[in-house]
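A short write-up of the structure that comes next.
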Amino acid sequence: MLEVKNLSINYETHEGIIKAVSNISFSVEKGKTLGLAGETGAGKTTTALGIMRLIPTPPGVVKGGEVILDGISLYSLKKRQMRSIRGSEVSMIFQDPMTSLNPVMTIGDQISESLRIHEKLSRADAAKRAKELLELVGIPGERYSEYPHEFSGGMRQRVVIAISLACNPQLLIADEPTTALDVTIQAQILELMNDLKKKLNMSVLMITHDLGVVAEACDDVAIMYAGEIVEYGTAEQIFNEMKHPYTIGLFGSIPKLDEDVDRLTPIKGMMPDPANLPEGCNFQDRCPKCCAICKKQKPESFDIGNGHLVKCHLFSKGGEANA
Amino acid sequence: MKRRTTGITLKKRSQAGEIWRRLRQNKASMVGLVIIIVVILMAVFADVIAPYDYSQQNLAERFQGPSLKHLFGTDNFGRDIFSRILFGARISLKVGLISVIVSVAIGGTLGAIAAFYGGRTDNIIMRILDVILAIPGMLLAIAIAATLGAGLSNMMIAIGIGSIPGYARVVRASVLTVKEQDYIEVARSIGASDARIILRHIILNAMAPILVQATLGVAGAILSCASLSFLGLGIEPPTPEWGSMLSSTRQYISQYWWLTAFPGGMIMLTVYALNVLGDGLRDALDPRLKD
């Protein structure tokens, strides 16, 4: 349904070229959810913006790769064609519901806007459909003419979801949709998204740094680190058979419900400066299994069976894991 | 800031309602508002209220002080000053409002385009406007009025042009902030065109500073209008304009105070009212960003 092939995005600034996303490839199948997980700064949001062609082009440059949505190569489209796809075939939910809504427009108008742009509905028809959408996301339809400041954070996020679903897109990109909300609301929103996904047979690209959310909501997972996808597979593969040292480190640092520990085990070190990426593997300074080749050569994505991909020299033909 | 008037009910607290409520609490602004409303009524109903025609001369009745027959007295040509003030209100308000509206429209559009597109467009537009800004406002207005000749519309152009860069800057600053907001990105993500984003999302949110600037601008325009007429540019006699009324009766200021006091007083009152209203608006609009 969505195929991203070798996408690379840089930001060219005075301080240097920032390699936000380097050569990533993944796909999202119809009706499935792909979780894009990683730390802050890994390049997840840039990837999302890259798919929507919303990268701000003065500093941002899409260096290469393709984004294919339902057979259409998005980067070959003209601006006007792309605009007609945004909102109707693919939509995005942003992170902070408190600032995602225009304070001087009623929420009903904001939901209707998408309908009026893409389906050319009249005001009255759009209003009717907007009320239906509100009901769909669990907000009484009468609240159509209220303003964003009259809603709480969780409800605003529901409104944002309603806006993004207005034209029944095939793909929904959710950029950390629950990060700004508290845990109980988080559960509600995830449940809502799951319901809607099933009802509308939608594909979802769920961007998050919360592995709990990944476990809860995702069918497939891609782990991102410093602009690259270091491990990719189904949720079962990643959670039960994790292979990349970074993934292992990530899961190792999560506190466990059934274990009593004095200290948590973080991954030592920090993510490399994207303007100054090292030669060789990006994870070399923090990797417990780093060896000579890691410092010189960037690893490829190796398929270790059933579509489970790992970007690590350990899994190359002559690597340790295969030795 | 909200512009639509969906009414103020107990349940729907629209933004305009909030702003009005806050403005109401400012006593000075309310006084200003009342004065402006009175002036507007004077202008609108001048035909009905004025006891005499504004150009009707009666040399036998020159220099009569304020009385029941002539509320504000008569001038050096025997014309009723009260009637002239009423019709003068029309002109002052017309010039003030129209020149500001046109300036805001042109300046605002330029500022919004410059801010929205940035880069070279921004540079070109703002540097051209800087050229206009470099010339002192009054001098520019005088030069333009002198070139274009007498007349109401020429005066509006003369006054209007000088204030375009000011409004452009205000709008540009406002738009620069607003366009970075998340909801603008959301609008882009649903496929809204640039035009739609500017017109439906950016303009309303960027309006607040312009509103204050424009209110004060009307005051400034009225003053400029009076100044230009005082200097003999713009309005031609016998059209009553408060400023020209001042200049033509300047020499009688010590003998017949009412000739200059009333037009001068009207200018002062109107400009004062607009200023306090503008200040009150600025305060009322400011703390709204609590949500």
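Details
- Set side by side, the residues B:83, B:103 differ, and just one is over 30 Å from residue A:57 (Cβ atoms), assigned to a helix (DSSP H, G or I) and in contact with a Pro (Cβ under 8 Å, 6 or more places away or on another chain), which is B:83.
- Single residue of the stretch B:50-102 satisfying the filter (among the charged types (D, E, K, R) and under 29 Å from residue B:153 (Cβ atoms)) that is surrounded by the fewest Cβ atoms within 10 Å (Cβ to Cβ): B:53
- The lone exception for residue B:160 - which of (1) surrounded by 23 or more Cβ atoms within 10 Å (Cβ to Cβ); (2) in a helix (DSSP H, G or I); (3) over 15 Å from the mean Cα position of the chain (by Cα) it fails: (3)
- Consider the stretch B:125-141 and keep the residues that are open to solvent by 50 Å² or more (accessible area, probe 1.4 Å) and in contact with a helix residue (DSSP H, G or I) (Cβ under 8 Å, 6 or more places away or on another chain). The one that is nearest to residue B:184 (Cα to Cα) is B:133.
- For the stretch A:160-196, a residue qualifies if it is within 14 Å of chain B (Cβ to nearest Cβ) and farther than 25 Å from residue A:2 by Cα, and exactly one does: A:180.
- The condition of being open to solvent by 20 Å² or more (accessible area, probe 1.4 Å) and in contact with a Gly (Cβ under 6 Å, 6 or more places away or on another chain) does not hold for residue B:218.
- Strands (runs of 3 or more DSSP E) contained entirely in the stretch A:146-236, each with at least 2 residues that are among the hydroxyl-bearing types (Ser, Thr, Tyr) and open to solvent by less than 20 Å² (accessible area, probe 1.4 Å): A:203-208
- Residue among B:217, B:264, B:232, B:243 that is of a type in the set (Gly, Ala, Ser) and on the phi > 0 side of the Ramachandran plot: B:232
- Scanning the stretch B:117-133 turns up one or more residues that are within 30 Å of residue A:95 (Cα to Cα) and outside any helix (DSSP H, G or I).
- First in the stretch B:189-216 and at the interface with chain A (Cβ under 7 Å from one of its Cβ atoms) and in contact (Cβ under 8 Å) with a residue 24 or more places away in the chain, second anywhere and part of a helix (DSSP H, G or I) and β-branched (Val, Ile, Thr), Cβ under 7 Å, 6 or more apart: B:205/B:178
- Of the residues making up the stretch A:134-145, those that are part of a helix (DSSP H, G or I), open to solvent by 10 Å² or more (accessible area, probe 1.4 Å) and more than 11 Å from every other protein chain (Cβ to nearest Cβ) are A:135, A:136, A:144.
- When restricted to residues that are within 14 Å of chain A (Cβ to nearest Cβ) and of a type in the set (Lys, Arg), the stretch B:168-188 contains 2.
- Residue under evaluation residue A:124, criteria (1) surrounded by fewer than 17 Cβ atoms within 10 Å (Cβ to Cβ); (2) at the interface with chain B (Cβ under 9 Å from one of its Cβ atoms); (3) not aromatic (Phe, Trp, Tyr), criterion not met: (2)
- The residue that is modelled with the lowest pLDDT, among those in the stretch A:229-279 that are more than 28 Å from residue A:17 (Cα to Cα) and among the hydroxyl-bearing types (Ser, Thr, Tyr), is A:265.
- Residue list for the stretch A:1-59, restricted to those being part of a helix (DSSP H, G or I) and either closer than 22 Å to residue A:298 by Cα or of a type in the set (Gly, Ala, Ser) (or both): A:44, A:46, A:47, A:48, A:50
- Options B:220, B:265; residue that is without any contact (Cβ under 8 Å) to a residue 60 or more places away in the chain and under 22 Å from residue B:106 (Cα atoms): B:220
- Candidate set from the stretch A:106-121 (those that are open to solvent by 50 Å² or more (accessible area, probe 1.4 Å) and free of Cβ contacts under 8 Å to residues at least 12 places away in the same chain); member that is farthest from the other protein chains (Cβ to nearest Cβ): A:120
- Looking across the stretch B:191-215, the residues that are open to solvent by less than 10 Å² (accessible area, probe 1.4 Å) and outside any helix (DSSP H, G or I) come down to B:191, B:192.
- The requirement of being closer than 30 Å to residue A:6 by Cα, within 9 Å of chain B (Cβ to nearest Cβ), open to solvent by 60 Å² or more (accessible area, probe 1.4 Å) and touching a residue at least 12 places away in the same chain (Cβ under 8 Å) is fulfilled somewhere in the stretch A:90-105, by at least one residue.
- If the condition is being surrounded by fewer than 22 Cβ atoms within 10 Å (Cβ to Cβ) and of a type in the set (Lys, Arg), then the stretch A:33-80 contributes A:53, A:63, A:78, A:79, A:80.
- Residue check, residue A:131 out of contact with any strand residue (DSSP E or B) (no Cβ under 6 Å at 6 or more places or on another chain), touching a residue at least 12 places away in the same chain (Cβ under 8 Å), open to solvent by 60 Å² or more (accessible area, probe 1.4 Å) and more than 27 Å from residue A:30 (Cβ to Cβ): yes
The values are calculated or read from the model by the stated rules, or taken from the named source; none is laboratory data. Note that the structure is predicted; figures quoted are calculated from it, not measured. Every residue, glycine among them, receives a Cβ derived from its backbone with ideal geometry; neighbour counts consider all protein chains shown. The protein model used for the area step is the full one, side chains on, heavy atoms only, and it has no ligands, DNA or RNA in it. Shrake-Rupley method; radii C 1.70, N 1.55, O 1.52, S 1.80 Å.
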